[in-house]
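Okay, so here's the structure we're looking at.
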């Protein structure tokens with residue numbers, strides 16, 4: 001699948017709701033259908049992310065380099081220090097350099113990208129009312145029925161393939177709509 005501009009979609013929820021595990025499963029399923037995925041994760045624990053490995057690139061970064069990049073056999077690791085921080089738009093543009101079909105964003109709850117919310121406890125239901133651009137919810141078994149009664153968006157069980165099928169349809173709809181717009185733009189240039 002070759003998409004000119006990536007489809008951006010958020011996976012949000014409170015801490016320890018299974019966002020990382022859920023995203024990993026979605027990535028694996030998308031890879032099986034040849035959809036390239038990049039992920040932007042918000043470090044929501046406060047402070048800078050831990051840099052556990054003290055290899056050369058980490059040493060360079062910790063010594064004060066504004067950025068340190070290591071590449072080997074087509075794999076790249078980048079550490080960067082942005083004085084004022086980067087906007088989410090700039091981070092998405094950076095991931096765009098890898099030409100993904102989809103960019104999944106873990107966290108950044110208050111951003112206005114289309115999103116799915118992971119619901120584990122009844123207290124999580126407030127997110128359905130307070131967050132912008134919610135397109136679906138994923139509910140843990142103990143909260144599935146309550147979420148379905150509360151939500152105005154599609155609700156999927158945590159370990160079901162139903163979300164993936166729904167999500168793949170959203171990607172294809174977006175891709176088809178984008179293709180139509182690009183074709184009309186090309187026709188207008190002639």
- request: Return yes when residue 31 is modelled with pLDDT of 65 or more and in a helix (DSSP H, G or I) and no when it is not.
  value: yes
message: Condition check: assigned to a loop (DSSP other than H, G, I, E, B), at pLDDT 80 or above, surrounded by 14 or more Cβ atoms within 10 Å (Cβ to Cβ) and within 15 Å of the chain's Cα centre (by Cα). Does residue 39 satisfy that?
response: no
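The values are calculated or read from the model by the stated rules, or taken from the named source; none is laboratory data. A quick note: this is a predicted structure, and the numbers were derived from the prediction, not measured. Every residue, glycine among them, receives a Cβ derived from its backbone with ideal geometry; neighbour counts consider all protein chains shown.
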